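The structure appears right after this line, and notes come after that.
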Amino acid sequence: MSTTKELIEQDGISLKDKLAKATKVQKRRALLLTMPLVIFLLVSFVMPIGQMLWRSVHNPTVSNVIPNFAIAIQQWDGNALPSESVFEVFVKDLVTAKKNREIGKTVGNLATRINYDIPGSRSLFTSTARKAKKLKAPFKESLLKLNKKWANPTLWLSLKRNSKDLTPAFYLAAMDLKYDERGNIVKADDLYQIYMSNFIKTIKLSAIITAICILLAYPIAYVLSVLPLRQSNLLMICVLLPFWTSLLVRTTAWIAILQTQGVVNDILVFLGFLSDDGRVQMIYNQTGTIIAMVHILLPFMVLPLYSVMKTISPTYMKAALSMGARKSYALRKIYLPLTIPGLGAGTLLVFILAIGYYITPALVGGEDGLLISNLIAYHIQKSLNWSLGAALGAILLVTVLVLYWLYNKLIGIDNLKFG
Amino acid sequence: MTLFNREKAIGIVILLAIAAIIFFTLGSITPAIGFFVMFVIPLYFMKPLPVFASKIDYCSNYLFVAICTFIFIFLITPVLIIIPLSFNAEPYFTFTQGMLNFDPSAFSTRWYEDIVYNGMVDPHGVKNWWDDMWNNAQWIRSARNSFFIATMSAIIATIIGTIAALGLSRSEMPYKALITSLLISPMIVPLVITATGMFFFYSSINLAKTFTGVILAHVTLGIPFVIITVTATLSGFDRNLIKASQSLGAHGWMTFRRVIMPLIMPGMISGALFAFITSLDEIVAVIFLADVEQRTIPRQMFSGIREQISPTILAVASVLVLISIILLTVMELLRRRSERLRGITPG
């Protein structure tokens, strides 16, 4: 019990309660103002992404195409072959599935799905489905007679595994792992190990790009912060104009500059550094990706650095110098620590943006400059393995969100400013 | 700061000497001029050093400024170089010998004409020329789509973004950090993920391949910019003005209309411009969500770069650079106005 007496108003309600009530109303009002946008974003942004992530673990292809079989197979213990009754359900389901034309419920979908697991099994399903109508009891025997591959227990194990709607298989695939015949998790064949190496490459390239951005942004942010306003405004245009120019325009410009018949090669040939047939390929590879992306992301490093450096008083450095510190020592011990907030903000921002970049690598990356985003887009648009694309996306998203959380923790997102 | 002092004069003399050596060894004037122009710029930006500075100090300072100059050149050149390249008379992406010698016949505006003509039924006809251009020219159609989508999404994003920013900037706002990070996240989440999610979701509610779908996607992507700029403006906003207005009898809407809005107008406009340019430049969502009907300028450029790379793209790019220069100027004027309103004098 508190010893202080509560203040009571004339109407008998304590002041504390009244204040709480008043602030509650205020709070609700503030919250109400943000609600339209929050709801809009939840519907147009969070929900679609959530739905996509759900796709990465939820793949009901097998139970959609052959629903009765998906239930029946669950009783099979995984030894030898399933019983005759399971075979019967399987054949009957195939017959009905053959007639289905609905997207996501055709035999073709089923064949593709199992083909992810057991490469080369696609034609087995499609050809069997064509002849399924003619099969007679006993179904087990006639199916094996039709194609000997049905005697392979691996196939049935895969069917059983994929009968469950929820599956971690796509995350395994995204991490270059797979199920072996017995259902254990093992490393994928060397030929199929492309995702982890691509993740590592994406992170490596992003790190290189961020590092180059730091190296280039630090001196110019410093110059911008110490020059008199009239001159620094002039130079600021050099930073802001690219920032405001279309991404496609800048990428196009880099193609014009870096291609083998482009400006840089022309200059090098003209100056005699290169022979006319020894022109360097600088675009459509990793080099091109790095140069173009550094150019595109550099303003994101310069602007936060500049806003921090502008607040640092030049007297600190002068004081250090006057007390006998050498310039390099003073820079390291006095100036650099003061710029850490801006450096951190820029680094995280550039890294976050670089890791998810899509357009520039797609246009100037050639083959070895492709990043993880390009693989995701490939699976969504071309190979149509949506679940795998979603799984790769989920891994990328988690990485980015961790960095975003870190950014929020260290710098605070409300400190972000442009220009 | 004087333009010419003793040290700078010495610097210019040294540079002239090196330029002369380059001229005599290569036998061509262009690289010598290029060298001189590039290395004389840092001199302009060098600050006068204290009297006790040694020659080494001058040299290292010059070196530092020179490096910075090159970084600035690295930043600005790609944006500017496409403008002369777009006047190329040949279908190449590089300067021809004629262009380097300033031969007038090496320059032409044919790629700019191509922007208009490309896709037209009868580019040189007289009858219904305007109709033909307006409806059939590919780039014109993309431009119309782009501006329509960008305008709509900027308006929507600014309205709901400003309302939310008004709530966010209140001190009583609960869950402020959480909600702010949610509202900024469309800028952080990789575009491919956002676009993929929207593609599946909008397909399921029949909004994919419609203008509505693309506009909604662009509103989502423009929101963070509106939030950031408007909350920045509101952070310098004196809340007592609201109380004053209310004490004088103005109700909520009137206070907003007559007191708050005029003061945050610069922030709102720059937020809207940001949202506009984000949408104008956005391509990933367009690739996933739009059909040929909704083709925008970036989309057209994207397929242009991939399929039939021609200097028409450079001409379009030059026009876009011009637009961004105009927008940048507007932003700068707005920033100055906002500073003046807040009582900070610009330098």
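The values are calculated or read from the model by the stated rules, or taken from the named source; none is laboratory data. Bear in mind that the values here come from a model prediction, so they are computed numbers and not experimental data. Virtual Cβ from ideal backbone geometry, glycine too; neighbours counted across all protein chains shown.
One table, with the values for the structure above:
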item	result
Condition met for A:Leu338 (within 12 Å of another protein chain (Cβ to nearest Cβ) and among the aliphatic types (A, V, I, L, M))	no
Answer from A:Ile376, A:Ile395 - the residue that is modelled with pLDDT of 90 or more, under 24 Å from A:Pro60 (Cβ atoms) and touching a Gly at 6+ places or on another chain (Cβ under 6 Å)	A:Ile376
Helices (runs of 4 or more DSSP H) lying entirely in the stretch A:223-313 (those with 1 or more residues that are among the aromatic types (Phe, Trp, Tyr) and free of Cβ contacts under 8 Å to residues at least 12 places away in the same chain)	A:229-244, A:263-270
Unique residue being touching a Cys at 6+ places or on another chain (Cβ under 6 Å) and crowded, with 17+ Cβ neighbours inside 10 Å when the list is A:Met293, A:Met236, A:Met301	A:Met301
Candidate set from the stretch B:39-77 (those that are more than 12 Å from chain A (Cβ to nearest Cβ) and surrounded by fewer than 17 Cβ atoms within 10 Å (Cβ to Cβ)); member that is nearest to A:Thr251 (Cα to Cα)	B:Val40
Number of the condition not met by B:Ser279 [criteria: (1) at pLDDT below 90; (2) within 16 Å of the chain's Cα centre (by Cα); (3) away from chain A (no Cβ under 11 Å)]	(1)
Residue in the stretch B:313-333 that is surrounded by 13 or more Cβ atoms within 10 Å (Cβ to Cβ), in contact with a Pro (Cβ under 8 Å, 6 or more places away or on another chain) and within 12 Å of another protein chain (Cβ to nearest Cβ) present	no
Output for the stretch B:273-299, where each listed residue is among the polar types (S, T, N, Q) and either closer than 22 Å to A:Ile376 by Cα or surrounded by fewer than 24 Cβ atoms within 10 Å (Cβ to Cβ) (or both)	B:Thr278, B:Gln294
Those helices (runs of 4 or more DSSP H) lying entirely in the stretch A:343-419 with at least 2 residues closer than 30 Å to B:Met331 by Cβ and at the interface with another protein chain (Cβ under 7 Å from one of its Cβ atoms)	A:359-364, A:386-410
Residue match in the stretch A:28-46 (condition: without any contact (Cβ under 8 Å) to a residue 40 or more places away in the chain and either in the same structural domain as A:Ala394 (by TED's automatic domain parsing) or outside any helix (DSSP H, G or I) (or both))	no
Extreme residue, farthest from A:Val38 (Cα to Cα), among residues of the stretch B:151-161 that are β-branched (Val, Ile, Thr) and touching a residue at least 40 places away in the same chain (Cβ under 8 Å)	B:Thr151
Single condition B:Phe35 does not satisfy, out of (1) in contact with a Phe, Trp or Tyr (Cβ under 8 Å, 6 or more places away or on another chain); (2) within 14 Å of chain A (Cβ to nearest Cβ); (3) without any contact (Cβ under 8 Å) to a residue 60 or more places away in the chain	(1)
Only one of A:Tyr316, A:Tyr329, A:Tyr306, A:Tyr335 that is of a type in the set (Ser, Thr, Tyr) and in contact with a Ser or Thr (Cβ under 8 Å, 6 or more places away or on another chain)	A:Tyr306
Failed criterion for A:Ile214 (all others in (1) more than 9 Å from chain B (Cβ to nearest Cβ); (2) more than 19 Å from A:Val302 (Cβ to Cβ) hold)	(2)
Single residue of A:Lys178, A:Lys140, A:Lys160 found to be in a strand (DSSP E or B) and surrounded by 14 or more Cβ atoms within 10 Å (Cβ to Cβ)	A:Lys178
Test: residue in the stretch B:195-211 that is crowded, with 23+ Cβ neighbours inside 10 Å, outside any helix (DSSP H, G or I), at the interface with chain A (Cβ under 7 Å from one of its Cβ atoms) and modelled with pLDDT of 90 or more	no
Top-ranked residue in the stretch B:90-123 [being part of a helix (DSSP H, G or I) and within 27 Å of the chain's Cα centre (by Cα); ranked as surrounded by the fewest Cβ atoms within 10 Å (Cβ to Cβ)]	B:Glu113
Criterion (in a helix (DSSP H, G or I) and either more than 27 Å from the chain's Cα centre (by Cα) or without any contact (Cβ under 8 Å) to a residue 24 or more places away in the chain (or both)) met by exactly one of B:Ala164, B:Ala177	B:Ala177
Residue that is farthest from B:Val226 (Cα to Cα) [pool: residues in the stretch B:158-175 that are surrounded by 18 or more Cβ atoms within 10 Å (Cβ to Cβ) and more than 7 Å from chain A (Cβ to nearest Cβ)]	B:Ser169
Meets criteria (in contact (Cβ under 8 Å) with a residue 40 or more places away in the chain, more than 7 Å from chain A (Cβ to nearest Cβ) and crowded, with 18+ Cβ neighbours inside 10 Å) for B:Ile184	no
Selection count where residues are over 23 Å from B:Thr162 (Cα atoms) and either in a loop (DSSP other than H, G, I, E, B) or of a type in the set (A, V, I, L, M) (or both), scope the stretch A:11-27	7
Residue in the stretch A:256-276 that is surrounded by the fewest Cβ atoms within 10 Å (Cβ to Cβ), counting only those that are within 29 Å of B:Pro298 (Cα to Cα), within 7 Å of chain B (Cβ to nearest Cβ) and in contact with a helix residue (DSSP H, G or I) (Cβ under 7 Å, 6 or more places away or on another chain)	A:Val263
Residue check, B:Phe87 more than 10 Å from every other protein chain (Cβ to nearest Cβ), among the aromatic types (Phe, Trp, Tyr) and crowded, with 16+ Cβ neighbours inside 10 Å	yes
Candidates B:Ile242, B:Ile223, B:Ile264, filtered to the one that is touching a residue at least 12 places away in the same chain (Cβ under 8 Å) and within 18 Å of B:Ile184 (Cβ to Cβ)	B:Ile223
Selection from the stretch A:348-383 of residues that are polar (S, T, N, Q) and crowded, with 23+ Cβ neighbours inside 10 Å	A:Thr360, A:Ser373
Selected residue (criterion: nearest to the other protein chains (Cβ to nearest Cβ)) from residues of the stretch A:52-62 that are buried (at least 17 other Cβ atoms within 10 Å of the Cβ) and in a helix (DSSP H, G or I)	A:Met52
Filter result for the condition that a residue is in contact with a Phe, Trp or Tyr (Cβ under 8 Å, 6 or more places away or on another chain) and under 23 Å from B:Asn136 (Cα atoms), over B:Gln300, B:Gln308	B:Gln300
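Residue-by-condition table, conditions (1) under 18 Å from B:Ile159 (Cα atoms); (2) within 14 Å of another protein chain (Cβ to nearest Cβ):
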position	(1), (2)
B:Ile215	yes, yes
B:Ile228	yes, yes
B:Gln246	no, yes
B:Thr255	yes, yes
B:Arg258	yes, no
